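In what follows, a structure is listed as C-alpha cells, so that the remarks can point back to it.
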C-alpha cells in the first residue's frame, strides 16, 4: 500500500487499474484512496486474484466478471465507464490466468479465458466507444518482450498458442498502446524476485493496455514507469501508463 500511494501521489493518474489485490471487497483501502481524491470499484476475492479501478471522476456502469462462463468464480475482470473531458471511456482491469504448468488443466483454463476475452472484446467494439483493456495479461507477445526467449520458450506466458491468442485481440482492431509509441526491444514490466533479475534487467513485458480504434485515435503518449521496482518492498510488476486526449 505504501508503494501504491507513493506512486499515486507522484504520478496523479486520472484512472488506475490494479490486479491481483488478493482481498475481498470489504478489505479494499477505499478510505485511503478516497482521501487522495479517488472513487473506487472493486471485484475482490479472498487470498487470490482480485481487480480494482480507481478514478478521480465518478465510476459508472460497473460490471464484474468476464462473460461466457457463469461457473468461473475467479475475480479476474472488472469493467466500468468513466467520463473523459469530452466523451465516456470504457475501461477494464484484467488479471489473465498464468497458465503454468503447461500443458495441463491450468493452461487449458488460460486459453479458454482468452477465448472468452476475445469474444467480449469483439462485442465491445460494436459499441464504437473509446475502450481500454488494461492489466496483467500474463502474455509475452514477441521475442522483443523478453530478455531471453530461449529460457522462456516452454513457459505458458510465451508458448506459441498463447501468443496467437493475444494476436487475436490485436487482429480484432485493438492497439497495443506501448508499441504504438515505442518499437524498441528491452521494454519490460516484470522482473522476478529471484536471481537478481531486476539488477540484471532480466525482465519480461506482460502488462498491456489494448485500445479500441476510438481510443487509439487519441493517443498522446505511453510508457513504462520502472522506478517503483527499485523501491523498498516493491511489487515485481511496474506501472504501464498512457495519456489520451479524450
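Read-outs: derived from the displayed coordinates by stated rules, not from any lab. Predicted model only: the values in this text are computed from it and were never measured. Positions of Cβ are generated from backbone atoms using ideal geometry, with glycine treated the same way; all protein chains shown enter the neighbour counts.
Select from region 19-60 the residues that are in a loop (DSSP other than H, G, I, E, B), in contact with a strand residue (DSSP E or B) (Cβ under 8 Å, 6 or more places away or on another chain) and surrounded by 14 or more Cβ atoms within 10 Å (Cβ to Cβ) and list them in ascending order. Correct list: 20, 21, 28, 38, 44, 49, 50, 56, 57. Do we find a residue being buried (at least 17 other Cβ atoms within 10 Å of the Cβ) and farther than 29 Å from residue 12 by Cβ anywhere in region 201-211? For region 201-211, residues buried (at least 17 other Cβ atoms within 10 Å of the Cβ) and farther than 29 Å from residue 12 by Cβ: present. Scanning region 65-94 for residues that are outside any strand (DSSP E or B) and either crowded, with 23+ Cβ neighbours inside 10 Å or touching a strand residue (DSSP E or B) at 6+ places or on another chain (Cβ under 8 Å) (or both) turns up 65, 66, 75, 76, 84. Selection of region 136-155 for residues being within 13 Å of residue 98 (Cα to Cα) and buried (at least 23 other Cβ atoms within 10 Å of the Cβ) yields 136, 137, 138, 139, 140.
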